[in-house]
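Peer 1: Below you'll find the structure I mean.
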Amino acid sequence: MLLVLTVCHLRAVSAAAWDEWTRKQITALYHGAEAWLDGGDDALGEWMDQRAEKTRKEAEADLDEMEFWLTENWGPLAAANIIEAVLERIAALAEMPLAGAPRPEFGDAVRFVTSGRYVIYYEVVGEQLTILRILHSARNREAIMRPQSEEGEKP
């Protein structure tokens, strides 16, 4: 019921108040609450772990895609050098996690840094740093970071 009231309130306040980021946040809240109501703290923890695993897989897939494209188009040495630079930039974030510029439209804790022509999106929550995506600057990063719909979401 709270979900329905929240959605109605946001849409009544302003058409601009309901955007893709807000929808994603409310959807995550809904699914987290649903997990907790179904199984308590353990179920909520499992749901959060599954979300984190999905994020890790997306970032790993981005690296695999980079390696394939770079190797095919620039050769294995260039691919290795570029990927090494990206990984070094990610490692540096562990020392200074707030170094990146905020991107609040993608989430309260989302930030980004660049490495050459690649943009590294990450999230800092407490002491946890999570790499979300690694995307070439020529790609439509806005559309990728804010997808129109996600499978399995009810709201």
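Peer 1: Select from region 36-135 those trypsin sites (Lys or Arg not before Pro) which occupy a DSSP coil region and have at most 16 other Cβ atoms within 10 Å, ordered by residue number.
Peer 2: Numbers: sites: Arg51, Lys54, Arg56, Lys57, Arg89, Arg111, Arg117, Arg133; in loops: Arg117.
Hits after loop and neighbour filter: Arg117.
Peer 1: Among Phe68, Phe106, Phe112, which comes first, then next, by fewest other beta-carbon atoms within 10 Å?
Peer 2: Values: Phe68 11, Phe106 22, Phe112 18.
In order of increasing Cβ crowding within 10 Å: Phe68, Phe112, Phe106.
All of the numbers you see were taken from the coordinates with simple rules; none came from a lab. It should be emphasised that the depicted structure is a prediction, and the values quoted were computed from it without experimental measurement. For neighbour counting, all protein chains shown are included, and Cβ atoms are generated from backbone atoms with ideal geometry for every residue, glycine included.
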